[in-house]
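K.L.:
So that we are looking at the same thing, I have put the structure below in structure tokens.
The values are calculated or read from the model by the stated rules, or taken from the named source; none is laboratory data. The model shown is predicted, which means the values in this text are computed figures rather than measured ones. So basically every Cβ, Gly included, is an ideal-geometry build from the backbone, and we count neighbours across all protein chains shown.
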Amino acid sequence: MLKPFLDPVLFAPTLGSMLMCLASSLVGVLVFVRKRSLLGETLSHAAYPGVIISLFVTALFFAYSEELIAIVVLVGALITSLLGLYAIDFLKRKFRIYDDAALTFILASFLGVGILFASHIQQSHALWYRQSLLFLYGQVATMREGHVVIYGVLALLVVLFVSICYHSLLSLNFDRIYSRSIGMRTKLLDMLTFWLLAFAIVIGIRSVGVILMSGMLIAPAIAAKALTHKLSKLLFLAALFGVLSAYLGNLITFALPLQFAVPTGPAIVLVATGFALLSLLFAPEEGLVNRFLRVAKFARERRMENILKLAWKKGQLISAREVIAHFPLNALYLKFFFQKMVRQGWLSKETKGVYRLTEDGVRRAERIVRLHRLWEVYLFDFLGVSSERVHGSACEMEHIITPELEDKLSLLLGDPKTDPHAQPIPSGDRL
Amino acid sequence: MNPYWGQSFFSFFPLFFYRMGLLLTGRLSLSELAPDELQIFALSLIGFSCAIVGTFLVVRKMTMLANSLSHTILVGIVIAFLVCQPFVGKEGGPLFLNLGSLLIASLFTALLTSFLTEGMVKVFKVQEDASIGLVFTSLFALGVILVTLFTRNAHIGAEIIMGNIDAVGFKDIKLLLWIFLANLLLLLLFGSRMVITSFDERFAKTVGISLALFHYLMMIQVAATSIGGFRAVGVVMILALFTAPILTARFFTNKIFPTIFLSGFISFIGALAAVASSRSLLSNFEMALSTSGLFVALLFLFFILTAMVKCIQFRRRKSHEYSLSCRLR
């Protein structure tokens with residue numbers, strides 16, 4: 001498990017990619033909350049020609065040096081990435097080309113220009129060209145300590161910026177009008193956010209490459225979003241997921257036997273996607289699995305309350321046959337359901353197949369009936385709904401009305417004693 | 001012996017048209033065609049298909065979907081390749097698809113992408129832009145891993161992005177021709193309905209035109225065109241062919257069919273110029289540039305030039321109007 005850190009060859013790639021993914025996850029959250037995640041994809045593709053051109057220009061004047069390349073490439077990538085950013089804005093403003101078309105056009109064109117230049121230096125400066133390939137899909141394996149230092153410092157800058165500007169960013173992203181009203185320089189902060197995006201992308205493309213970079217912006221943000229609504233937690237969790245994905249991606253790639261060797265970049269992205277899916281499925285409140293469970297639980301409660309109501313109306317005795325006559329339920333399921341209600345204390349077994357309401361059961365049933373009839377009165381008296389229609393709505397609302405709402409209704413309606421069908425409303429004491 | 005070797009950029013064109021004339025009158029046989037000409041055919045056919053499909057993509061604001069599909073086709077190609085390979089054998093090199101596999105791949109890709117994206121939005125309740133991004137990057141990552149595992153070709157990664165126009169042969173051109181004809185047929189049959197569903201959904205519904213049908217048909221067309229073109233220009237640059245000529249053509253017209261024709265024409269000129277410059281640079285200056293890269297860069301250049309001309313025109317007209325209005329006072 002700790003092998004990547006202990007092994008001298010694997011140390012730099014793992015730590016390097018972890019730092020890069022830290023930066024990209026943080027900034028990814030910032031674009032995610034603006035609903036502009038796809039901008040990251042365009043900017044990362046737009047960074048590619050910068051990589052190539054900077055390599056080309058450097059090759060003309062300097063001798064081959066990997067550390068120099070690492071720095072120069074960052075500068076070049078940043079320049080073309082920002083150029084892409086302003087080009088998109090220009091196209092949208094001046095020619096009224098809509099967002100998606102501008103993004104797609106810029107990303108494909110810039111990449112094409114990049115590939116054009118790449119094909120040139122493939123012949124003229126082959127050694128430098130090999131360095132450029134690293135940025136297409138990323139290549140962490142050849143990273144060394146020098147790279148880690150560079151990327152570490154840059155990632156730290158990103159973290160610092162986000163921490164310092166946190167409150168402004170919070171205000172800007174969630175209540176723009178308020179921010180403007182207190183005099184915040186919103187346009188400046190917007191620009192800074194997008195510049196930061198370009199910066200983070202440029203840092204990250206060494207690890208996952210230009211094509212997959214947007215994955216490392218989006219996937220950690222999605223994973224974090226399912227777990228929290230607060231921006232501070234979003235940032236923290238996204239960073240955590242990003243770093244973990246980088247770590248596990250490296251671990252997996254190094255652990256695989258040689259015939260299954262896969263590039264690290266895609267592995268990191270797939271791990272990050274895995275985290276996102278797990279989070280979306282199993283997150284405590286918003287996870288899909290939990291949502292289904294909650295819905296199922298509510299359905300069970302509702303069914304139980306309906307049975308109690310039916311029993312109360314039929315003189316506190318109920319049998320399976322009577323229930324099935326009213327609600328479409330499976331007989332076997334009903335048998336277990338009755339047993340469960342007995343266990344919970346709402347029913348007691350009278351004779352075989354016949355159950356009696358307990359005291360608690362009676363009170364609960366009366367409460368449901370009270371809520372049902374109160375709601376009918378409300379609809380009939382206040383909203384003018386005809387008496388035939390009120391029953392359906394009340395059948396749904398009786399399970400949902402809270403005690404507070406019940407009090408308010410009772411107050412509003414003057415504590416009525418009969419419903420629109422002239423049936424008595426139980427006074428209903430609380431359980 | 002390549003007849004285009006040593007030609008300058010400008011002498012390329014007359015030679016090309018002369019040889020095309022020979023071809024049409026039967027004095028030049030298909031097997032005598034130079035690789036340059038094959039490349040021009042291939043790129044033009046891709047360009048024409050993309051003009052048809054791309055116009056509707058831009059108009060329907062579906063370019064992000066095309067973006068998504070262009071990445072996910074990698075998975076579709078790999079899976080179709082794995083499924084069909086036992087039946088057709090290895091022909092045409094790595095990841096070559098014949099017509100049958102192409103159809104399966106496009107269908108599979110289009111359905112998979114739309115299913116996953118809509119699933120993420122509706123079931124998992126993730127915002128739309130993030131869903132699109134997650135689906136296509138994860139599928140692309142998966143595709144890269146599968147490709148690396150199954151082809152054992154270290155350079156396949158670069159080929160996926162850049163394409164390998166030099167490996168284009170007759171089989172590819174036949175495939176591209178079929179794709180173009182299919183797109184053309186669909187345009188002729190359903191063109192008016194496509195226009196209606198693009199611009200006026202309510203009206204389409206009232207006359208009973210199925211919106212979903214044309215949406216999914218469009219997705220399959222995009223997938224098929226992208227897969228057809230990926231061998232020549234690579235996965236991402238096909239997007240340039242979907243957008244650049246159309247955006248350029250829109251400076252001149254805002255009607256659908258003229259846009260299609262004009263985009264096709266622009267692509268054709270771009271293809272000619274790309275191959276011509278590639279060949280002349282190679283033979284005269286010993287600069288080997290990627291033809292597909294040149295193609296995309298030229299289309300980009302066309303857009304920039306047209307935009308600049310339009311800007312200047314606009315400014316001149318504005319100042320002319322202004323000076324006129326001054327005089328009238």
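K.L.:
Out of the residues in region A:158-176 that are under 16 Å from A:Gly204 (Cβ atoms) and touching a residue at least 40 places away in the same chain (Cβ under 8 Å), which is surrounded by the most Cβ atoms within 10 Å (Cβ to Cβ)?
P.N.:
Step one: filter region A:158-176 for residues under 16 Å from A:Gly204 (Cβ atoms), giving A:158-159, A:161-162.
Pick out the ones that are also touching a residue at least 40 places away in the same chain (Cβ under 8 Å) and you get A:158-159, A:162.
Values: A:Val158: 22, A:Val159: 16, A:Val162: 20.
Selected residue: A:Val158.
K.L.:
In region A:108-126, what residues are without any contact (Cβ under 8 Å) to a residue 60 or more places away in the chain, within 7 Å of chain B (Cβ to nearest Cβ) and either farther than 21 Å from A:Leu85 by Cα or in contact with a Phe, Trp or Tyr (Cβ under 6 Å, 6 or more places away or on another chain) (or both)?
P.N.:
A:Ser109, A:Ser119, A:Gln123 - these are the residues of region A:108-126 that are without any contact (Cβ under 8 Å) to a residue 60 or more places away in the chain, within 7 Å of chain B (Cβ to nearest Cβ) and either farther than 21 Å from A:Leu85 by Cα or in contact with a Phe, Trp or Tyr (Cβ under 6 Å, 6 or more places away or on another chain) (or both).
K.L.:
Identify the residue in region A:138-167 that is at pLDDT 80 or above and within 14 Å of chain B (Cβ to nearest Cβ) and, among all such residues, is nearest to A:Met184 (Cα to Cα).
P.N.:
A:Gly138
K.L.:
Another question about this same structure. Can you name every one of the helices (runs of 4 or more DSSP H) wholly within region A:153-255 that holds 3 or more residues which are hydrophobic (A, V, I, L, M, F, W, C)?
P.N.:
It comes to A:166-174, A:186-225, A:231-255.
K.L.:
Please determine whether any residue of region B:229-252 is surrounded by fewer than 24 Cβ atoms within 10 Å (Cβ to Cβ), of a type in the set (Lys, Arg), in contact (Cβ under 8 Å) with a residue 12 or more places away in the chain and outside any helix (DSSP H, G or I).
P.N.:
yes
K.L.:
Moving on. Could you please find all residues in region B:111-149 being within 11 Å of chain A (Cβ to nearest Cβ), surrounded by fewer than 17 Cβ atoms within 10 Å (Cβ to Cβ) and either over 20 Å from A:Leu38 (Cβ atoms) or in contact with a strand residue (DSSP E or B) (Cβ under 8 Å, 6 or more places away or on another chain) (or both)?
P.N.:
Result: B:Val123, B:Leu149.
K.L.:
In addition: Identify all residues within region A:390-407 that are surrounded by 13 or more Cβ atoms within 10 Å (Cβ to Cβ) and not acidic (Asp, Glu); write none if there are none.
P.N.:
A:Val390, A:His391, A:Ser393, A:Ala394, A:Cys395, A:Met397, A:His399, A:Ile401, A:Leu405, listed by residue number.
K.L.:
If A:Lys417 satisfies all but one of (1) over 44 Å from the mean Cα position of the chain (by Cα); (2) touching a residue at least 40 places away in the same chain (Cβ under 8 Å); (3) closer than 19 Å to A:Lys313 by Cα, what's the number of the condition it fails?
P.N.:
(2)
K.L.:
Could we say that A:Ala246 is out of contact with any Gly (no Cβ under 6 Å at 6 or more places or on another chain) and more than 30 Å from A:Leu82 (Cβ to Cβ) here?
P.N.:
Considered against the rule, which asks whether it is out of contact with any Gly (no Cβ under 6 Å at 6 or more places or on another chain) and more than 30 Å from A:Leu82 (Cβ to Cβ), A:Ala246 comes out as no.
K.L.:
Please count how many residues of region B:279-302 are aromatic (Phe, Trp, Tyr) and either outside any helix (DSSP H, G or I) or more than 8 Å from every other protein chain (Cβ to nearest Cβ) (or both). Before you say what the answer is, go through the steps one by one.
P.N.:
So the first thing to find is which residues in region B:279-302 are aromatic (Phe, Trp, Tyr), and the list is B:285, B:295, B:300, B:302.
Then drop every residue that is not either outside any helix (DSSP H, G or I) or more than 8 Å from every other protein chain (Cβ to nearest Cβ) (or both), which leaves B:285, B:302.
Here the count works out to 2.
K.L.:
Could you tell me whether A:Phe90 is within 11 Å of chain B (Cβ to nearest Cβ) and free of Cβ contacts under 8 Å to residues at least 12 places away in the same chain?
P.N.:
yes
K.L.:
Being crowded, with 16+ Cβ neighbours inside 10 Å and more than 15 Å from A:Gly274 (Cβ to Cβ): is that true of A:Phe254 here?
P.N.:
In short, yes.
K.L.:
Before we move on, is A:Ser81 within 30 Å of the chain's Cα centre (by Cα), at negative phi and within 14 Å of chain B (Cβ to nearest Cβ)?
P.N.:
no
K.L.:
Here are B:Ile220, B:Ile269, B:Ile260, B:Ile256: which of them is away from chain A (no Cβ under 14 Å), over 18 Å from B:Gly191 (Cα atoms) and out of contact with any Cys (no Cβ under 9 Å at 6 or more places or on another chain)?
P.N.:
Details: B:Ile220 fails: over 18 Å from B:Gly191 (Cα atoms); B:Ile260 fails: over 18 Å from B:Gly191 (Cα atoms); B:Ile256 fails: over 18 Å from B:Gly191 (Cα atoms).
Going through B:Ile220, B:Ile269, B:Ile260, B:Ile256 in turn, just one is away from chain A (no Cβ under 14 Å), over 18 Å from B:Gly191 (Cα atoms) and out of contact with any Cys (no Cβ under 9 Å at 6 or more places or on another chain): B:Ile269.
K.L.:
Oh, and also: For region A:305-339, enumerate the residues that are among the charged types (D, E, K, R) and farther than 13 Å from A:Gly361 by Cα.
P.N.:
A:Lys314, A:Arg321, A:Glu322, A:Lys335
K.L.:
Test A:Tyr98 against the criterion of being facing chain B (nearest Cβ under 8 Å), hydroxyl-bearing (Ser, Thr, Tyr) and in contact with a helix residue (DSSP H, G or I) (Cβ under 8 Å, 6 or more places away or on another chain), and give yes or no.
P.N.:
yes
K.L.:
So, A:Ser179, is that one over 23 Å from A:Ala87 (Cβ atoms), buried (at least 16 other Cβ atoms within 10 Å of the Cβ) and either among the polar types (S, T, N, Q) or touching a strand residue (DSSP E or B) at 6+ places or on another chain (Cβ under 7 Å) (or both) or not?
P.N.:
Taking the combined requirement at face value, the residue satisfies it.
K.L.:
A follow-up question, please. Let me confirm something: among A:Lys35, A:Lys94, which residue is basic (Lys, Arg), under 25 Å from B:Leu69 (Cβ atoms) and either out of contact with any Pro (no Cβ under 9 Å at 6 or more places or on another chain) or crowded, with 24+ Cβ neighbours inside 10 Å (or both)? So that I can check it myself, show each step before the final result.
P.N.:
Numbers: A:Lys94 fails: under 25 Å from B:Leu69 (Cβ atoms).
Just a single option satisfies the conditions, and that option is A:Lys35.
K.L.:
I'd like to know if region A:211-219 contains one or more residues that are touching a helix residue (DSSP H, G or I) at 6+ places or on another chain (Cβ under 7 Å) and either free of Cβ contacts under 8 Å to residues at least 60 places away in the same chain or more than 26 Å from A:Ile115 (Cα to Cα) (or both).
P.N.:
So the first thing to find is which residues in region A:211-219 are touching a helix residue (DSSP H, G or I) at 6+ places or on another chain (Cβ under 7 Å), and the list is A:211-219.
Remaining after also requiring either free of Cβ contacts under 8 Å to residues at least 60 places away in the same chain or more than 26 Å from A:Ile115 (Cα to Cα) (or both): A:215, A:219.
Taking every residue of region A:211-219 in turn, at least one turns out to be touching a helix residue (DSSP H, G or I) at 6+ places or on another chain (Cβ under 7 Å) and either free of Cβ contacts under 8 Å to residues at least 60 places away in the same chain or more than 26 Å from A:Ile115 (Cα to Cα) (or both).
K.L.:
Considering each of A:Tyr151, A:Tyr137 in turn, give the residue that is closer than 19 Å to B:Gly234 by Cβ, among the aromatic types (Phe, Trp, Tyr) and crowded, with 16+ Cβ neighbours inside 10 Å.
P.N.:
On the way: A:Tyr151 fails: closer than 19 Å to B:Gly234 by Cβ.
Every option except A:Tyr137 fails the conditions.
K.L.:
Working carefully through the options A:Ala283, A:Ala261, A:Ala267, A:Ala272, find the one that is within 14 Å of chain B (Cβ to nearest Cβ) and touching a Pro at 6+ places or on another chain (Cβ under 8 Å).
P.N.:
A:Ala272
K.L.:
For the list (1) away from every other protein chain (no Cβ under 14 Å); (2) of a type outside the set (Ser, Thr, Tyr); (3) surrounded by fewer than 20 Cβ atoms within 10 Å (Cβ to Cβ); (4) under 23 Å from A:Ala155 (Cα atoms), I need the number of the one condition that A:Phe62 fails.
P.N.:
Failed condition: (4).
K.L.:
Enumerate the strands (runs of 3 or more DSSP E) found wholly within region A:263-363, keeping only those where 1 or more residues are surrounded by 17 or more Cβ atoms within 10 Å (Cβ to Cβ) and in contact (Cβ under 8 Å) with a residue 40 or more places away in the chain.
P.N.:
A:354-357
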